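Below is one structure, written out as structure tokens, with a few remarks after it.
Values quoted throughout were computed directly from the atomic coordinates according to the rules given, and no laboratory measurement underlies them. Values in this document were obtained by computation on a predicted structure and should not be read as measured data. We place every Cβ from the backbone using ideal geometry, glycine too, and count neighbours over all the protein chains shown.
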Amino acid sequence: MSSSAIVKPGAGGVGRKPGSISKSTLKHWGTAYLFLLPSLIGLVIFRLYPVVEAFVRSLYRTSFGAGGGEIFVGLANYVDLLHDPIFWQSFKATLWLNLAINPIQICFAIAAALLVNRTGLAVRIYRTILMLPMGVSLAIACTLWGIMLNPNSGLVNSILASLGLPMQPFLTSSSQAMWSIILIASWKGVAYWMIFVLAGLQEIPEQIYEAAKIDGVSPWQQLRYITLPLLKRAILFVTVADTTANFLLVVPMYILTNGGPEMSTNVLMFEAYTSAFVYLDMARALSITSVLLALLLIVVAIQFKMLKVDY
């Protein structure tokens, strides 16, 4: 055999050690990370650094004694929260809000996406109507809904009265205020999450449904065994993003209820805002924010565990 026929180790990938990475692959990875570098820097500066800074500052407390300044107190601020009934009431309100609003928004987003994932003039009109709330900011939406839900002169109670139904207190009732906020936030958010589900639906090959029809699969079986499993990635994204948004939801409480009535809508995010900008207790506000972020990470980790997605 001539020397030209001998293949050197590592040439063309032959003879390379198992698990080793070629220089060309490393070069491609380096190029990819170079393009991602500006976004990664922005993520560290504007997202990760504030979280670390908030936790570090939550370990201090402002001293009003001689000299002033901040003194290190360790976990004393968190210990105070454990004995604070207002904190626990806000904690329960936050959990209750998310246990109620997340399934509602996700289910309606999936249903709306299935409804508009078709062709035709009527579908285009319906899709436009569904997306109209996206053009209104949450602050304006809360203001408009606050007028409509006014217990004395609101449009909703006028409609109920015309139908012979009793008028409702809505935002002025401790049992209805949170549900009213869920209604407003869902009206604003369902169309937004629907777009991501719709994108996932349009990625499913039509040939799969054609083959299922030939095999006599019913529409319900198609939804259960084809559509929903293939939508798992989109549903996971919507679930995590929606949960994050609702854990940080504070605008309706600020504009409509001020955490009331009877602190029924005083979620952790609003309590942190009140502590920081009303009572000027920044240490308590940062401690509440850190607890809220930790709670959010736990919930998101559970969601990733439950909705396993193969990439």
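The charge dipole of region 176-311, taken about its Cα centre with unit charges on the Cβ atoms of Lys, Arg (+1), Asp and Glu (-1) only, comes to about 140 debye. Packing around the peptides 259-266, 71-78, taken as the average count of other Cβ atoms within 10 Å per residue, puts them in this order, highest first: 259-266, 71-78. Backbone amide hydrogens, once placed in the peptide plane, bring Y60 within less than 5 Å of V73, excluding anything fewer than 5 places away on its chain.
Send over the semi-axes of the chain's equivalent ellipsoid, whole angstrom and largest first, taken as the square roots of 5 times the C-alpha gyration tensor eigenvalues.
45, 36, 16
Amide H to amide H distances under 5 Å link E70 with S63, where only residues 5 or more positions off or on other chains count and H is placed in the peptide plane. Residue separation of L230 and F72 scaled by 0.36 nm, minus their Cα-Cα distance, works out to 51.7 nm of gained length. In a fully extended conformation the segment linking S162 and V56 would gain 32.5 nm over its present Cα-Cα distance, using 0.36 nm per residue.
To the nearest Å, what is the center-to-center distance of region 204-232 and region 83-140, using C-alpha atoms only? Region 204-232 and region 83-140 have Cα centres spaced 26 Å from each other.
Would you mind getting me the FRET efficiency between K92 and L132? Use the beta-carbon distance for r and R0 = 51 Å, nearest 0.05. All intermediate terms of the calculation are to be shown ahead of the outcome.
Numbers: r = 34 Å, r/R0 = 0.67.
The calculated FRET efficiency here is 0.90.
Exposed loop sites, defined as trypsin sites (Lys or Arg not before Pro) outside DSSP H, G, I, E and B with at most 15 other Cβ atoms within 10 Å, are absent from the longest region of the chain, namely 119-307.
Peptide packing: for 159-165, 198-204, the average count of neighbouring Cβ atoms within 10 Å per residue gives the ranking 198-204, 159-165, highest mean first.
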